[in-house]
Amino acid sequence: MVSEAEPTQHISSRDDVRDTIGRVWKEVLRLDEFGYGDNFFELGGHSLTASQAISRIARALHVEIPMADFFERPTVDELAEFVTRRQDSVTRGEEALTRPAGAAPAAPTPRNGASA
């Protein structure tokens, strides 16, 4: 008897992620049309609009995107792949995409400035 495993549930499909990122770019860049392979910065984006896009994407998809990662992945397709991998990583409880390999987790800094 063949056992059917339940499919892994993902937060969002890659297509949903791409569409969400595309919608956000359309809003922040105030564009009617562009391709998912077009470069955000070549479309008129800059650090302020990138920050707005990151914030809106984070709100919509519940994922943090460091500014450096946004700059390294300036197309919808590249960013969607990153976000999807990051969501999968978080779902599995991994931190592989949130810090460099081998790096220790960051320790919280007390608000009063005292060392932990």
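Coordinate-derived values only; no laboratory data. Model, not experiment: these values are computed from the prediction.
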Calculated Rg and Dmax of segment 14-91 using C-alpha coordinates, Å: 11.1, 34
Derived scalar couplings ³J(HN,Hα) [segment 49-54; Karplus, 6.51 cos²θ - 1.76 cosθ + 1.60; whole Hz; x for Gly, Pro]: 5, 4, 4, 5, 4, 4
Per-residue HN-Hα couplings for segment 60-68 [Karplus 6.51, -1.76, 1.60; θ = phi - 60°; Hz; x = Gly/Pro]: 6, 10, 6, 8, 8, 10, x, 3, 4
Length added when fully stretched, D19-R59, from 0.36 nm per residue minus Cα-Cα: 13.0 nm
